Amino acid sequence: MDAQPIILDTNFWLLPYESRVDVITGLQNLFEYAPFTILVPTPVIDELKMMAGRIGRKNTIAAKSALSLIDKLVEQKRAEIIEEKGKADGVIITLALQRGAWVATNDKPLRFRLKDKDIKTVILKDHHAITLA
């Protein structure tokens with residue numbers, strides 16, 4: 001059985017540090033421990049790096065921690081960095097369509113765009129449960 005690809009947008013990578021949500025365990029539960037792989041487009045990494053570089057901002061530490069988690073998951077072969085150019089949301093949609101990937105996001109405008117393209121979307125519900133939208 002092939003692993004289901006899933007793309008986490010920038011705001012989803014921040015959840016473990018801003019909302020104390022274990023995103024990886026939540027995804028494992030959602031997929032009922034079926035294999036999945038996380039695709040990380042470079043524009044998402046670029047957004048996190050930009051946030052991490054801002055001194056004194058509330059999400060600076062969260063962004064640095066998210067980048068560290070991505071590195072760890074790539075090292076464990078549970079995530080793959082995908083080199084792409086463009087704005088994060090557009091790249092996420094294109095990549096999801098090309099790879100049959102689900103997308104994890106709480107960004108409402110992005111969720112509407114994903115729904116229009118019939119891309120399965122994963123959200124954080126009630127600040128603690130990761131679920132299929």
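Every read-out reported here was derived from the displayed coordinates using simple, explicitly stated rules and does not represent laboratory data. Predicted, not measured: the structure shown is a model, and the values here were computed from it. Virtual Cβ from ideal backbone geometry, glycine too; neighbours counted across all protein chains shown.
Distant-in-sequence amide contacts of THR121, defined by a placed amide H-H separation under 5 Å and a gap of 5 or more residues or a different chain, comprise VAL103, ALA133. Computed over the chain with a Gaussian network model linking Cα atoms closer than 10 Å, the most mobile of THR105, THR25, THR121 is THR25.
For the chain, modelled as a GNM whose springs connect Cα atoms under 10 angstrom apart, the maximal fluctuation among LEU48, LEU39, LEU30 occurs at LEU30. Return the subset of LYS77/LYS117; LYS49/LYS115; LYS58/LYS108; LYS49/LYS117; LYS49/LYS77; LYS49/LYS85 for which the Cα-Cα distance in this structure is over 26 Å, preserving the input order. With Cα atoms farther than 26 Å apart: LYS77/LYS117; LYS49/LYS115; LYS49/LYS117. Along each principal axis, taking the top coordinate minus the bottom one, the Cα set of region 4-132 gives 39, 31, 30 Å in descending order.
Where Lys and Arg each count +1 and Asp and Glu each count -1, what net charge lies around ILE38 among other residues with Cβ under 9 Å from its Cβ? Charge balance in the 9 Å sphere: 0. Label separation (ILE81 vs THR37): 1.6 nm, computed from points 7 Å beyond Cα along the C-beta direction. Count Lys and Arg as plus one, Asp and Glu as minus one, and take only other residues whose Cβ is under 12 Å from that of THR60; the net charge is then +4. The residues neighbouring ALA79, those whose beta-carbon lies less than 12 Å from its own, together hold a net charge of 0 under the Lys/Arg +1, Asp/Glu -1 convention.
Tell me, what is the percent relative contact order of the chain, built from C-alpha pairs under 8 Å that lie six or more residues apart? Normalised by residue count, the contact order of the chain is 30 percent. A Gaussian network model of the chain, with springs between Cα atoms under 10 Å, assigns the largest mean-square fluctuation among ASP22, ASP118, ASP107 to ASP118.
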